[in-house]
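Novice: Before I ask anything, here is the structure I am working with.
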Amino acid sequence: MSTYLIRNASVLGGDPVDLLLRDGVVAEVGSGLDAEGAEVVDATGLVALPGLVDLHTHLREPGREDAETVESGTRAAAMGGFTAVHAMANTEPVADTAGVVEQVWRLGREAGFCDVYPVGAVTVGLQGERLAELGAMADSAARVRVFSDDGKCVSDAVLMRRALEYVKAFDGVVAQHAQEPRLTEGAQMNEGELSGKLGLTGWPAVAEEAVIARDCLLAEHVGSRLHVCHVSTAGSVQIVREAKARGVDVTAEACPHHLILTDELAATYDPIYKVNPPLRTRADVEALRAGLADGTIDIVATDHAPHPHEDKDCEWAAAAFGMLGLETALSIVQETMVDAGLLDWAGVAERMSYAPARIGRVADHGQPLEPGSPANVVLYDPSVRRPVDPAGSASLSRNTPYRGMELPGRVVATFLRGRPTVLDGALV
Ligand SMILES: NC(=O)N[C@@H](CC(=O)O)C(=O)O
Ligand SMILES: [Zn+2]
Ligand SMILES: [Zn+2]
């Protein structure tokens, strides 16, 4: 295995240092390091962060390999600076048994671009009727700790309570897609003046907030761990803030697209902007940014949701919900949080690496770049700006809402256990 000497990297935005990656770990950190035979990477001007960890990725395999595979999705992840992703369970078949989660986990290992931690479904077939075999998935080789019916809400309060109780046995967490189904029947976009004007059925904020409030109470009642997926409204941020203040064991994520895009884009009727939960208002965007800055929102998760063009290039109402996110996440966080003065690079490391690894109970990721830590590293150049070119994506899908937009930053290199998955901005 090669040894890499990274020269003059600004770790978490600090003064330049050298990092020696050897035998899969960070062997040394210091000035003027030397190592015979090491491959030297000049990181002058680059920020070094611990490898990013995504708690919410859709890899689509098994079942929709036309949209994404474990291999293509983890290539995209590496290009985005990620060294670990949690693969959501809404595949075909659903990841609701030890067999399916082990298959996804193994495919991740074989591809080798990024560690894949399968998320287990909460209910059989995401049907919301009976609990899946959570214990068997937890005990499997995939060691599942995050359980979610994402794509669908666990709307039945009794099932949600039982799931929260069950996961306590193995220190798991239930990640809820908070969407009250009756309040969102046929919903197409954020409910507001604009949805009325555009003639698209509205998805009201209260449909998200009511489920989050209920689940915080349930988690408090049974003393379990709740994670809230893709928080999108100011009201949700406030509910999580109040629950945390009461001591509820709740964590929450915001997605890059909800930090930058607003519901006004629906006026284009371009389904590239159709996502669940929907793009909200400017006030919601501001509340999410503030919540992410003050720690109410623990992490940024991509909700990378690849869809083939036939599911997106159609009229709004017929189009699939979801957008790509892995390759642009760090750039969006730089634009909306770092360049806006709301977060420094240490804060980014917390929200995109340390905290998601903690929530997912992933031991080998999300550790400070110190001697002895696993050599999971991303080198990022925050000084460049570049237009987003969907054709250049490593994903099999092209549904990025940022096409043609100029975004800051570029992932120059990603190392997974000391081995480069990306070098000079290209996959290795
Ligand atoms: N976010 C989305 O709009 N779509 C996701 C499902 C989900 O995250 O709820 C998908 O699987 O496509
Ligand atoms: Zn969801
Ligand atoms: Zn999702």
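Read the figures in this text as sums done on the coordinates, not as results from a lab. All figures in this text were calculated on a predicted structure; none of them were measured in a lab. So basically every Cβ, Gly included, is an ideal-geometry build from the backbone, and we count neighbours across all protein chains shown.
Novice: Normalised by the number of residues in the stretch 326-392, what is the relative contact order in percent for Cα pairs under 8 Å and 6+ residues apart?
Specialist: Taking the mean separation of contacting Cα pairs over the length of the stretch 326-392, I get 17 percent.
Novice: Collect residues whose amide H, placed 1.01 Å from N in the peptide plane, falls under 5 Å from the amide H of Arg386; neighbours closer than 5 in sequence don't count.
Specialist: Leu407, Gly409
Novice: Given an 8 Å cut-off on Cα distances and at least 6 residues of separation, report the relative contact order of the stretch 1-109 as a percent.
Specialist: Relative contact order, the stretch 1-109: 22 percent.
Novice: Kindly work out what percent of the DSSP beta bridges joining two residues of the chain are antiparallel, to the nearest 5.
Specialist: Approximately 50 percent, going by the DSSP bridge assignments.
Novice: Another question about this same structure. Kindly write out, for the stretch 193-203 in residue order, the coupling ³J(HN,Hα) from the Karplus curve 6.51 cos²θ - 1.76 cosθ + 1.60 (θ = phi - 60°), rounded to whole Hz, with x marking Gly and Pro.
Specialist: 4, 5, 4, x, 5, 7, x, 10, 4, x, 10
Novice: Rg and Dmax of the stretch 202-314, Cα atoms, in Å?
Specialist: Calculated on Cα positions, Rg and Dmax stand at 14.8, 47 Å.
Novice: Ratio to report: Rg/Rh of the stretch 124-251, with Cα atoms as the point set and Rh obtained by the Kirkwood method; give two decimals.
Specialist: 1.01
Novice: First obtain the Kirkwood hydrodynamic radius of the stretch 288-328 from its Cα pairs, then insert it into the Stokes-Einstein equation at 4 °C and 1.567 mPa s, and state the resulting D in µm² per second as a whole number.
Specialist: Estimated diffusion coefficient is 106 µm²/s.
Novice: Using per-residue counts of other Cβ atoms within 10 Å, averaged over each peptide, order 33-44, 314-325 from highest down.
Specialist: Ranked from most to least packed, the peptides come out as 314-325, 33-44.
Novice: Here is a follow-up. Along the principal axes of its C-alpha atoms, what lengths does the stretch 162-201 span, in descending order and rounded to whole Å?
Specialist: The Cα atoms of the stretch 162-201 stretch 49, 15, 11 Å along the principal axes, largest first.
Novice: Can you compute the helix-only [θ] at 222 nm over the chain? Use -39500 (n - 2.57) per DSSP H run of at least 4 residues, normalise by all residues, nearest 500 deg cm²/dmol.
Specialist: Rounded to the nearest 500, it is -7500 deg cm²/dmol.
Novice: Give the distance, in whole Å, between the Cα centre of the stretch 137-199 and the Cα centre of the stretch 384-428.
Specialist: 30
Novice: Over all directions, how big on average is the projection of the convex hull of the alpha-carbon atoms in the chain, in square nanometres?
Specialist: Computed as one quarter of the Cα hull surface, the answer is 18.5 nm².
Novice: Toward the positive end of the charge dipole of the stretch 52-359, about the Cα centre and with charges on Cβ (Lys, Arg +1; Asp, Glu -1), which of Ala178, Ala141, Met323 goes farthest?
Specialist: Positive-most Cα among the choices belongs to Ala141.
Novice: Find the relative contact order for the stretch 52-359 and round it to a whole percent, using C-alpha pairs within less than 8 Å whose residues are 6+ positions apart.
Specialist: Relative contact order of the stretch 52-359: 17 percent.
Novice: Could you go through the stretch 212-229 in sequence order and give the Karplus-derived ³J(HN,Hα) for each residue, using 6.51 cos²θ - 1.76 cosθ + 1.60 with θ = phi - 60°, rounded to whole Hz, and x for Gly and Pro?
Specialist: Along the stretch 212-229, the couplings run 4, 4, 4, 5, 4, 5, 5, 4, 5, 4, 9, x, 10, 9, 10, 10, 9, 6 Hz.
Novice: Then there is this: When the chain is modelled as a GNM with alpha-carbon springs shorter than 10 Å, which of Arg282, Arg386, Arg106 fluctuates the most?
Specialist: It is Arg386.
Novice: Something else now. 5 Å is the cut-off here: which amide hydrogens, built 1.01 Å from N in the peptide plane, fall below it relative to Asp54, excluding neighbours closer than 5 in sequence?
Specialist: So Asp54 has HN proximity to Ala84, Val85, His86.
Novice: Report, in degrees rounded to the nearest 10, the 0 to 90 angle that the Cα long axis of helix 234-246 makes with the longest principal axis of the chain.
Specialist: Helix 234-246 and the main axis of the chain meet at about 80 degrees.
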